[in-house]
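Structure first, then comments.
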Amino acid sequence: MKSHQIAIIPGDGVGAEVSAEAVRILKASAQKFSFEVNFEQFDWGCDYYLKHGQMGPDDLLEVLKDFDGIFLGCIGDASKVPDHISLAILLQIRKGFDQYVNLRPIQLYPGVDTPIRTATPETVNMVVVRENTEGEYSGNGGFFMPDKPEGFANQMAVFTRKGCERIMRYAFDLARTRKKLGDEDPVGLVTNCTKSNALIYSMVYWDSIFDQIAGEYPDIKTDMALVDAMTMWFVKNPQYFDVVVASNLFGDIITDLGAMLQGGMGFAAGGNINPEKEFPSMFEPIHGSAPKYTGKNIVNPIASIEAARMLLDHLDETEAADGIQAAIMKVLADGEVRTKDMGGTSTTREIGEAVEKEFLAL
Ligand code: IPM
Ligand code: MG
């Protein structure tokens with residue numbers, strides 16, 4: 001029997017509640033499709049910091065490296081540890097395990113309200129491929145006499161040829177296989193999210209590499225949009241987009257917008273992926289830790305369940321992943337259980353159990 005070793009890092013705030021629902025659906029998947037999952041849970045996060053002065057042990061990458069996959073709840077609680085300190089663990093894992101793809105599907109599920117009047121499950125159905133290890137988040141920079149009138153800070157973006165080529169190839173490969181909801185065939189479109197009219201070195205370089213890689217994929221259509229204009233088009237014409245490739249910062253920004261198109265943070269998940277499987281990949285809901293809701297069992301676990309689906313997909317448990325997708329669709333379309341963000345009163349656990357039940361019954 002195939003067996004997967006999964007590390008669970010619930011993190012802070014509502015992380016524990018949403019992780020429990022991810023674990024629930026992973027266990028149900030193993031049961032239904034006859035594979036084994038073993039979990040090991042790690043208590044890293046802000047409480048760990050208060051005890052030990054750091055977010056996790058020194059050797060955390062060593063500890064995680066032999067797992068087949070990592071599920072991360074959410075990190076950060078500014079009442080305990082400043083965000084720029086606590087969130088470093090996230091970037092440490094993304095960079096340390098060369099999870100250079102941050103894959104963020106933007107899907108409006110049936111039965112879910114979106115602030116965009118014209119949006120439907122067919123029109124809001126795209127995926128952002130965000131570069132996840134360098135660019136604007138390379139972490140290079142410094143302060144110069146910060147408290148003096150002439151003080152300054154600088155932060156340097158780093159765009160390597162290798163980093164740009166590999167994220168773009170991933171986007172083009174994905175465009176060859178990805179199908180929009182209800183479509184028989186792939187649309188086969190990659191849109192380059194750029195800002196080369198103002199960032200005249202980094203984004204000009206990025207664009208030139210995009211054009212080069214596009215040349216390797218003559219069967220895939222391409223387009224480009226400046227990131228500011230792209231935020232408009234996301235709202236006005238979401239149906240146009242299929243695969244969008246973006247730098248680290250731009251991908252971060254447009255995926256929060258994408259989360260709103262799909263009805264809110266409660267639905268948005270992401271994978272931090274090392275496609276070569278040289279290191280474990282990490283999957284997470286992209287929402288924060290919502291400390292004020294901690295322990296109340298009211299947040300929406302769909303994003304976490306979706307992250308678990310992406311994890312199984314990455315582990316080639318395709319049937320289980322497809323089943324989870326179908327179960328999520330059905331539960332949301334039925335609309336019998338709805339968490340507070342959907343205007344209902346169901347608990348986190350009730351949604352998780354409803355998806356599990358639907359999945360097992362498929
Ligand atoms: C995300 C988050 C993180 C990021 C923060 C918390 C560092 O916003 O995963 O989108 O910017 O990558
Ligand atoms: Mg973000």
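Values in this text are rule-based calculations from the coordinates and carry no lab data. None of the values given here were measured: they were computed from a predicted structure. Every residue, glycine as well, gets a Cβ built from its backbone with ideal geometry; the counts of neighbours run over all protein chains shown.
Remarks
- Qualifying residue in segment 215-223 (condition: in a strand (DSSP E or B) and surrounded by 17 or more Cβ atoms within 10 Å (Cβ to Cβ)): yes
- When Ala290, Ala326 are checked against the criterion of being small (Gly, Ala, Ser) and touching a Phe, Trp or Tyr at 6+ places or on another chain (Cβ under 9 Å), Ala326 stands alone in meeting it.
- Residue count for segment 54-106, restricted to those that are within 16 Å of ligand 2 (Cβ to nearest atom), within 18 Å of Glu134 (Cβ to Cβ) and of a type in the set (Gly, Ala, Ser): 1
Here's the yes/no breakdown for (1) crowded, with 24+ Cβ neighbours inside 10 Å; (2) of a type in the set (A, V, I, L, M):
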site: Asp252; (1), (2): no, no
site: Asp256; (1), (2): no, no
site: Ala259; (1), (2): no, yes
site: Met265; (1), (2): no, yes
site: Asn272; (1), (2): yes, no
site: Glu276; (1), (2): no, no
site: Phe279; (1), (2): no, no
site: Pro285; (1), (2): yes, no
site: Ala290; (1), (2): no, yes
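- Strands (runs of 3 or more DSSP E) fully within segment 116-167 that include at least 3 residues being under 15 Å from Gly258 (Cα atoms): 125-131.
- Listed by position, the helices (runs of 4 or more DSSP H) inside segment 266-362 whose residues that are touching a residue at least 60 places away in the same chain (Cβ under 8 Å) and farther than 20 Å from Val128 by Cα number at least 2 are 318-334, 348-361.
- The residue list Val243, Val227 contains one member that is crowded, with 19+ Cβ neighbours inside 10 Å, within 16 Å of ligand 2 (Cβ to nearest atom) and over 14 Å from the mean Cα position of the chain (by Cα), which is Val227.
The rows are residues; the columns are (1) over 22 Å from the mean Cα position of the chain (by Cα); (2) of a type outside the set (A, V, I, L, M).
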{"position": "Leu108", "(1), (2)": "no, no"}
{"position": "Pro115", "(1), (2)": "no, yes"}
{"position": "Asn125", "(1), (2)": "no, yes"}
{"position": "Tyr137", "(1), (2)": "no, yes"}
{"position": "Gly142", "(1), (2)": "yes, yes"}
{"position": "Pro149", "(1), (2)": "yes, yes"}
{"position": "Ala157", "(1), (2)": "no, no"}
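- From the list Glu350, Glu336, the one residue that fits, being more than 19 Å from Ile6 (Cβ to Cβ) and out of contact with any helix residue (DSSP H, G or I) (no Cβ under 8 Å at 6 or more places or on another chain), is Glu350.
- Within segment 246-278, the set of residues being within 12 Å of ligand 1 (Cβ to nearest atom), among the aromatic types (Phe, Trp, Tyr) and over 22 Å from Thr194 (Cα atoms) is empty.
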